[in-house]
Amino acid sequence: MVSYAYRDAAAQTVSTKKVERPISPSDELTYPFGELGVDLTQSELRETAYEILVGACRSFNSGKTLKYVSSSVKSSSSSSSKAASKVKKALGLKKNLESVSGKKASTVGELMRVQMGISEQTDSRVRRAFLRVAAGQLGRRLESMVLPLEFLQQFKISDFPNPQEYEVWQRRNLKLLEAGLVLHPCLPLDETDTRPKQLQQIIRGALVKPMETTKHSESMLELRNLSTSLACRSFDGSSPEICHWADGTPLNLRLYQILLEACFDVNDKISVIEEVDEVLEIIKKTWVILGIDQMFHNICFSWVLFHRYVACSQVQNELLFAADNLLSDVAKDSKAVKHLTCSQTLSSLLGLIVGWAEKRLLVYHDSFYRDNIDSMQSLLSMSLSATEILVEHSSGNYQKRSKEVDVAFSRVDSYIRASMLRTFSQEKERLISSRKSSKQQHNPLPILSILAQNVSDLAFNEKEIYSAVLKRWHPLATGVAVATLHACYGNELKKFVSGISELTPDAVQVLIAADKLEKDLVQMAVMDAADSEDGGKSLMTEMTPYEAEAVIANLVKSWISTRVDRLKEWVTRNLQQEVCLLLCCWIVLMSGVMDHHH
């Protein structure tokens, strides 16, 4: 251990501004809703989501292709530019000052195609498929069909540019059947039911060798019978009006997430498009097919906004603010959530958000500074909202528990203590490192004297920058911070005092610096707790006095006692020497007298 008796090269001021860091791969978020268990690429899932969207928005009765035109799209550009998006207003998102999307789409359907990155060739094929399906299924709605099954029967190799593209397309639809009917069914499968295994065997075989999908093909008939019987199950055994092939979690949430991501501008990843109201209006038409309700929508949209905030270097605070607003709606409805899957999905998302946020909040001095303090406030708000909802879900009686434990207060208290402890340790290590690199220089101050001044700077910096944000959830934010710093420095001072036995210039400098620091910290704590119920008594009990003046007094007494003892010893020794000298002189004198008489 480096002795504090050495002196540092120079007192260095505490840095209050940190360099913003880009996201590293380890910071990437994991998907909160579970894995699909099938090899489907993002582009394949996106094409599937687009097919469901087109199908949900067209009318089979009319036989017309999707040309959904929102009233706002029909309106003139001047009037639409003036109208504020209701969704943006509700979520706290600002209106885009400049449009970066380029040429405006004539319909919302065309806008969605562009936003989702679907080629005109693929769009044409999807629409052609629905025309064929509609021709053979007059009067039937999309939710009463197993869409991949219908598509498999409508298309042939000749409908694709080459056989390889057709085979990829066929495998995608077969994998969707496996994911939606076998791996993630909406209704639980009976363990004694052999149909899922039979269907899986057919699908696995077709993945190796493309299957014949003509109407009278034996393999196609078997695939249709098995798929339809599994999709048309119900809890009570009755014949349902809805086929359950895409409404099992996580398949439905993965597809719905892709649809929601179309709300972001393709050329500006952090901007929500101005047509978000119209886009969400048609996206919600897929709810019946995907098994989505308002609660699932809020959960999934919260994730999309939060993930986009993280993926885009955490610079767009309004995305975090919007996600937090959605979580507020989730909190209102979470008490009524009885659906197990929805509850588990909610807990998974909230746990991921809290875990990611707390990695930063427990070391908030490393993550935030004066220029991005708004980000800290937004992240705090969202993390604490998520934590409170999680507590509500885990507690049988949230109302009672919330009175016993203030969740937000408790978490913020732990953030302050943890981050202050880390910041103090970093400052101490920085000074020690500076000491080692400047051994040959003349250092006028002991290291603990410099540390005392820097700790004081840390405390004032905390009050000015961070406590203003933290006080929203913790009224004694400054007091807790300075109490933590007081304890940290006190531990170092205790080690120093235990290693000194006499009063030295270094010891005096350290103890005077410690006394000044303590007075500053205590004053800040008292001022912060002036309006609290106990007047700050609880904080004061944490701040064990340094008693620097008493230590100095004791060292002075010890020094005086030591000097008095030395003086006594010197006087005694000198007296003894004087007596011996006198005795010797007397003996010599007496010897001379005796000789004279003789």
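About the Cα centre of the range 146-242, how large is the charge dipole given +1 on each Lys and Arg Cβ and -1 on each Asp and Glu Cβ? Please answer in debye to the nearest 20. Before the final figure, lay out the partial values.
Details: 11 positive and 13 negative charges, 54 e Å.
That gives a dipole near 260 debye.
Order these peptides, 192-198, 353-359, by their mean beta-carbon neighbour count within 10 angstrom, highest first. Show your work: numbers first, answer last.
Values: 192-198: 12.7, 353-359: 18.7.
Ranked from most to least packed, the peptides come out as 353-359, 192-198.
Of the cross-linked pairs K89/K285; K428/K494; K269/K332, which ones have a Cα-Cα span greater than 18 Å in the structure shown? Please list the in-between numbers first.
Values: K89/K285 22 Å; K428/K494 15 Å; K269/K332 30 Å.
From the list (K89/K285; K428/K494; K269/K332), the Cα-Cα distance tops 18 Å for K89/K285; K269/K332.
If r is the Cβ-Cβ distance from K156 to E35 and R0 is 45 Å, what FRET efficiency results, to the nearest 0.05?
Numbers: r = 33 Å, r/R0 = 0.73.
E(calc), rounded to 0.05, equals 0.85.
As a footprinting exposure proxy, order T572, T249 by other Cβ within 10 Å, with the fewest listed first.
Values: T572 10, T249 19.
Ordered from fewest to most neighbouring Cβ atoms within 10 Å, T572, T249 come out as T572, T249.
For T544, what charge total do you get from the other residues with a beta carbon under 12 Å from its beta carbon, if Lys and Arg give +1 and Asp and Glu give -1?
Working: positive: K494; negative: E518, E542, E547.
For residues surrounding T544, the net value is -2.
Want the number for Q164 to K516: 0.36 nm per residue separation, take away the alpha-carbon distance, what's left? Spell out each step's value before the answer.
Details: separation 352, 0.36 × 352 = 126.72 nm, distance 7.90 nm.
Contour length minus Cα-Cα distance gives 118.8 nm.
Any chance you could run the full-extension gain for E222 through K284? It's 0.36 nm times the residue separation minus the Cα-Cα distance, nm to one decimal.
Details: separation 62, 0.36 × 62 = 22.32 nm, distance 3.33 nm.
In short, 19.0 nm is gained.
Sort H474, H393 by Cβ crowding within 10 Å, fewest neighbours at the top. Kindly include the intermediate steps, with their values, before the conclusion.
On the way: H474 22, H393 16.
Listing H474, H393 from fewest to most nearby Cβ atoms yields H393, H474.
Compute the FRET efficiency between E429 and E464 as 1/(1 + (r/R0)^6), taking r as their Cβ-Cβ distance and R0 = 35 Å, and round to the nearest 0.05. Before the final figure, lay out the partial values.
Values: r = 24 Å, r/R0 = 0.69.
So the FRET efficiency works out to roughly 0.90.
In nm, what is the difference between 0.36 nm times the number of residues separating S438 and K359 and their Cα-Cα distance? Could you put the intermediate results ahead of the total?
On the way: separation 79, 0.36 × 79 = 28.44 nm, distance 3.46 nm.
Contour length minus Cα-Cα distance gives 25.0 nm.
Of P185, M211, F235, whose Cα points farthest to the positive end of the dipole of the range 146-242 (charges on the beta-carbon: +1 Lys, Arg; -1 Asp, Glu; origin at the Cα centre)?
Final value for the positive-end residue is M211.
List C488, C342 from most exposed to least, where exposure is judged by having the fewest other Cβ atoms within 10 Å. Please report the intermediate quantities before stating the final value.
On the way: C488 20, C342 17.
Sorted ascending by nearby Cβ count, the order is C342, C488.
For S410 and L582, what does the FRET efficiency come to when R0 = 60 Å and r is the distance between their Cβ atoms, rounded to the nearest 0.05?
0.15
All of the numbers you see were taken from the coordinates with simple rules; none came from a lab. Keep in mind that what you see is a predicted model, and the values were worked out from it rather than measured. Cβ coordinates were reconstructed from backbone atoms using ideal geometry, including for glycine residues, and neighbour counts include every protein chain displayed.
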